[in-house]
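The values are calculated or read from the model by the stated rules, or taken from the named source; none is laboratory data. The structure presented is a predicted model; accordingly, all values stated were derived computationally and were not measured. Note: ideal-geometry Cβ built from the backbone for every residue, glycine included; neighbour counts use all protein chains shown. The area values use the complete protein model at the heavy-atom level, side chains included, leaving out ligands, DNA and RNA. Shrake-Rupley method; radii C 1.70, N 1.55, O 1.52, S 1.80 Å.
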Amino acid sequence: RLLYLLQQETSSTELRTECAVVLGSLAMGTENNVKSLLDCHIIPALLQGLLSPDLKFIEACLRCLRTIFISPVTPEDLLYTDATVISHLMALLSRSRYTQEYICQIFSHCCKGPDHQTILFNHGAVQNIAHLLVSTSYKVRMQALRCFSVLAFENPQVSMTLVNVSIDGELLPQIFVKMLQRDKPIEMQLTSAKCLTSMCRAGAIRTDDSCIVLKTLPCLVRMCSKERLLEERVEGAETLAYLIETDVELQRIASITDHLIVMLADYFKYPSSVSAITDIKRLDHDLKHAHELRQAAFKLYASLGANDEDIRKKIIETENMMDRIVNGLSESSIKVRLAAVRCLHSLSRSVQQLRTSFQDHAVWKPLMKVLQNAPNEILVVASSTLCNLLLEFSPSKEPILESGAIELLCSLTQSENLALRVNGIWALMNMAFQAEQKIKSDILRGLSTEQLFQLLSDSDVNVLMKTLGLLRNLLSTRPHIDHIMSTHGKQIMQAVTLILEGEHNIEVKEQTLCILANIADGTTAKELIMTNDDILQKIKYYMSHSNAKLQLAAMFCISNLIWNEEEGSQERQDKLRDMGIVDILHKLSQSSDPNLCDK
């Protein structure tokens, strides 16, 4: 009935305005209220109302729209179904401080992802909203700031534009820095820090710019302190994790600012002990934020420890850190699990830690559990971590093998997801490095020849290089080379031929020639090369190639075939001499490249 009255042209403007106000009050109720309003098509009715000449009525419609759009049950796309709506809203921005506040609030709630950012950007959002940052109304300034923080998030186009916008002769980044100051409300400090963070990550502001190092980073560290509300601490830590994620220098600065590493340990202490909580509401609030806090702390630890060995050591020495990560790996919340795996992955880049803390806490056990039927985003990080745990110097290697890792990794190499294929084959490559013969045979059995060929013809060069690395690791030490070539020789020689004939880059061909040199080092395996004229011609061809790396690799093959003290060396030397190899060697000994010359 209210909606009917709102849409009647014959109703007086006062009546229509009151209807919009009452509908707005209803929308403030439960999510079911909002759902019933949406089912009655309230949004088109209110958008229609914005075409009225009456400002009070427009403001009432916008206020109601704002309340509906900030509800989690409202689909954002309803704002974008009609192309004229956005441009009309932009035009209404100049009408009053209320239209400014509500429209900015609608935009910041409805801007989810790059498509929405582009639509708003193309409709002139930056130009239309920028001057609102210096409005006399705090609410307008705050909503405009929120708008920029969602527009610029992970968006280089918007970020690059914002850097050069000036208002009353002052550049936007300077205005954001002013809003970061300690005397400003916390929400304003946090939101402007987010804007500067997005601009920095997009490359619009340098990471060593004083507005990042001296203003944004310290502000975000402040947000992680005990004095702040739980929500602010979550947002502060997540934003800081994003700011420093890829920059070593910022990681180092953050790690020594305000004892951040110790401060984060406090994130794991919620909900606080039951006796301390007298009021049930507080417990509910703590419980709700507890997993968000843990997720944020794990993310920030992962960023802090991404590159620097000393920082990793400090993190691991923080109270019960490894136990916390191990617990995090089995939490019910998928976001916490993902963040814990990320943190573990970051710390697993440390040789020292792999040998000590990781061993003491048998981290591989929960990690293997995480790898069973996890969603892809967790699988990618968990399998990267497994790659590190399988390095030669890692004591976890043995128990991981015993827990069925080969099977698991072989199945990853068949994934549709490229990152999982790369990690699967990479982990197998690490596993095969200086491994005993049984492990090598298990890997070959687990992979199957078909799958090996599949990987060698993968369109991604990373997969191809790691597969060749795996082959090279499998074919090391004589008895292993002879054993593997006696069972898989024909297929491996086929694969080598295939790659040397294909259109591949220098690195790929060099790896392949190194595999041949390993085969040439076998006792019986040599014969597979000596009896294959096609391969011998290819080695000869690469000895005269224009690229020195390939020439060197081809000569390694020759030198491994001709050692005097090995049986049958005379016949091999004669055959190679007849092929004209000696003439090529004479020519190469005159080479200007000292390496080639020596070889």
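Of all residues being farther than 12 Å from Val496 by Cα and open to solvent by 40 Å² or more (accessible area, probe 1.4 Å) in region 453-465, which is nearest to the chain's Cα centre (by Cα)? Just the residue, please.
Restricting to residues being farther than 12 Å from Val496 by Cα and open to solvent by 40 Å² or more (accessible area, probe 1.4 Å), the top hit is Asn462.
Sort out for me the helices (runs of 4 or more DSSP H) sitting completely within region 164-282 that have 1 or more residues that are of a type in the set (A, V, I, L, M) and in contact with a Phe, Trp or Tyr (Cβ under 6 Å, 6 or more places away or on another chain).
So the answer is 186-201.
Select from region 1-48 the residues that are among the charged types (D, E, K, R) and either open to solvent by less than 80 Å² (accessible area, probe 1.4 Å) or touching a Cys at 6+ places or on another chain (Cβ under 6 Å) (or both) and list them in ascending order.
Arg16
Looking at Ile261, Ile244, Ile311, which is the one that is at pLDDT 90 or above and either basic (Lys, Arg) or more than 27 Å from Glu187 (Cβ to Cβ) (or both)?
Criteria check complete, one pass: Ile311.
Out of region 81-108, which residues are open to solvent by 70 Å² or more (accessible area, probe 1.4 Å) and either of a type in the set (Gly, Ala, Ser) or in contact with a Lys or Arg (Cβ under 9 Å, 6 or more places away or on another chain) (or both)?
Of everything in region 81-108, those that are open to solvent by 70 Å² or more (accessible area, probe 1.4 Å) and either of a type in the set (Gly, Ala, Ser) or in contact with a Lys or Arg (Cβ under 9 Å, 6 or more places away or on another chain) (or both) turn out to be Ala83, Ser94, Arg97, Tyr98.
Cβ-Cβ under 9 Å, sequence separation 6+ or interchain: first residue in region 481-495 and over 12 Å from Leu471 (Cβ atoms) and open to solvent by less than 40 Å² (accessible area, probe 1.4 Å), partner among the hydrophobic types (A, V, I, L, M, F, W, C) and not in a helix (DSSP H, G or I). Which pairs?
Qualifying pairs under 9 Å: Asp482/Ala525; Gly489/Ala525.
Would you pick out the residues in region 393-418 that are within 17 Å of Asn376 (Cα to Cα) and hydrophobic (A, V, I, L, M, F, W, C)?
If the condition is that a residue be within 17 Å of Asn376 (Cα to Cα) and hydrophobic (A, V, I, L, M, F, W, C), then Leu408, Leu409, Cys410, Leu412, Leu418 are the ones that fit.
Kindly indicate whether Leu367 is assigned to a helix (DSSP H, G or I) and under 20 Å from Arg445 (Cα atoms).
So Leu367 does not fit the description; no.
Output the residue which, of all residues in region 542-559 that are of a type in the set (S, T, N, Q) and not in a loop (DSSP other than H, G, I, E, B), is surrounded by the most Cβ atoms within 10 Å (Cβ to Cβ).
Among those residues, the one meeting the criterion is Gln551.
Whether any residue in region 49-60 is hydrophobic (A, V, I, L, M, F, W, C), over 30 Å from Lys194 (Cα atoms), exposed (fewer than 15 other Cβ atoms within 10 Å of the Cβ) and without any contact (Cβ under 8 Å) to a residue 40 or more places away in the chain is what I want to check.
Yes, the conditions are met somewhere in region 49-60.
I'd like the full set of residues that are part of a helix (DSSP H, G or I) and open to solvent by less than 30 Å² (accessible area, probe 1.4 Å), limited to region 560-581.
Those that are part of a helix (DSSP H, G or I) and open to solvent by less than 30 Å² (accessible area, probe 1.4 Å): Asn560, Leu561, Ser569, Arg572, Leu576, Ile581.
Given Ile584, Ile539, Ile535, which one is assigned to a helix (DSSP H, G or I), more than 23 Å from Thr477 (Cα to Cα) and either in contact (Cβ under 8 Å) with a residue 60 or more places away in the chain or not aromatic (Phe, Trp, Tyr) (or both)? Don't jump to the end; show me each part of the working.
Numbers: Ile539 fails: more than 23 Å from Thr477 (Cα to Cα); Ile535 fails: more than 23 Å from Thr477 (Cα to Cα).
Result of the check over Ile584, Ile539, Ile535: Ile584.
Conditions first: (1) touching a residue at least 40 places away in the same chain (Cβ under 8 Å); (2) not in a loop (DSSP other than H, G, I, E, B). Asn307 passes all but one, so which condition is the exception?
Answer for Asn307: the failing condition is (2).
In region 205-220, which residues are among the hydrophobic types (A, V, I, L, M, F, W, C) and crowded, with 20+ Cβ neighbours inside 10 Å?
Listed by number, the residues that qualify are Ile205, Ile212, Leu217, Cys219, Leu220.
Can you run down the residue pairs with Cβ atoms below 8 Å, 6 or more apart or on separate chains, where the first is in region 209-221 and basic (Lys, Arg) and the partner is part of a helix (DSSP H, G or I)?
Lys215/Val177; Lys215/Leu196
Of the residues Asp482, Asp458, which is of a type in the set (D, E, K, R) and not in a helix (DSSP H, G or I)?
On the way: Asp482 fails: not in a helix (DSSP H, G or I).
The conditions single out Asp458.
Using beta carbons and a limit of 7 Å, which pairs, at least six apart or on different chains, have the first residue in region 37-48 and in contact (Cβ under 8 Å) with a residue 12 or more places away in the chain and the second one not in a helix (DSSP H, G or I)?
Leu38/Thr74
Scanning region 383-413 for residues that are within 22 Å of Ala302 (Cα to Cα) and of a type in the set (A, V, I, L, M), which turns out surrounded by the most Cβ atoms within 10 Å (Cβ to Cβ)?
Leu386
Which members of region 221-241 meet the condition of being open to solvent by 20 Å² or more (accessible area, probe 1.4 Å) and either more than 25 Å from Asp183 (Cα to Cα) or hydrophobic (A, V, I, L, M, F, W, C) (or both)?
Residue satisfying the conditions is Leu229 alone.
Working only within region 310-322, note down all residues that are of a type outside the set (Lys, Arg), open to solvent by less than 70 Å² (accessible area, probe 1.4 Å) and in a helix (DSSP H, G or I).
Ile311, Ile315, Ile316, Met321, Met322
Among the candidates Glu416, Glu450, single out the residue that is open to solvent by 30 Å² or more (accessible area, probe 1.4 Å), acidic (Asp, Glu), without any contact (Cβ under 8 Å) to a residue 24 or more places away in the chain and outside any helix (DSSP H, G or I).
Values: Glu450 fails: outside any helix (DSSP H, G or I).
Step by step, each of Glu416, Glu450 is checked, and only Glu416 is open to solvent by 30 Å² or more (accessible area, probe 1.4 Å), acidic (Asp, Glu), without any contact (Cβ under 8 Å) to a residue 24 or more places away in the chain and outside any helix (DSSP H, G or I).
With the checklist (1) open to solvent by 20 Å² or more (accessible area, probe 1.4 Å); (2) under 24 Å from Tyr267 (Cβ atoms); (3) part of a helix (DSSP H, G or I); (4) not hydroxyl-bearing (Ser, Thr, Tyr) in hand, flag the one item Val380 doesn't pass.
(2)
With the checklist (1) under 21 Å from Leu456 (Cβ atoms); (2) open to solvent by less than 10 Å² (accessible area, probe 1.4 Å); (3) within 20 Å of the chain's Cα centre (by Cα) in hand, flag the one item Trp426 doesn't pass.
(2)
Those residues that are open to solvent by 10 Å² or more (accessible area, probe 1.4 Å) and either part of a helix (DSSP H, G or I) or touching a Cys at 6+ places or on another chain (Cβ under 6 Å) (or both), I need them from region 333-347; list them, please. Please lay out each step first, then the result.
Start the filter on region 333-347 by keeping residues that are open to solvent by 10 Å² or more (accessible area, probe 1.4 Å), which leaves 333-335, 337-338, 342, 345.
Those that are open to solvent by 10 Å² or more (accessible area, probe 1.4 Å) and either part of a helix (DSSP H, G or I) or touching a Cys at 6+ places or on another chain (Cβ under 6 Å) (or both): Ile334, Lys335, Arg337, Leu338, Arg342, His345.
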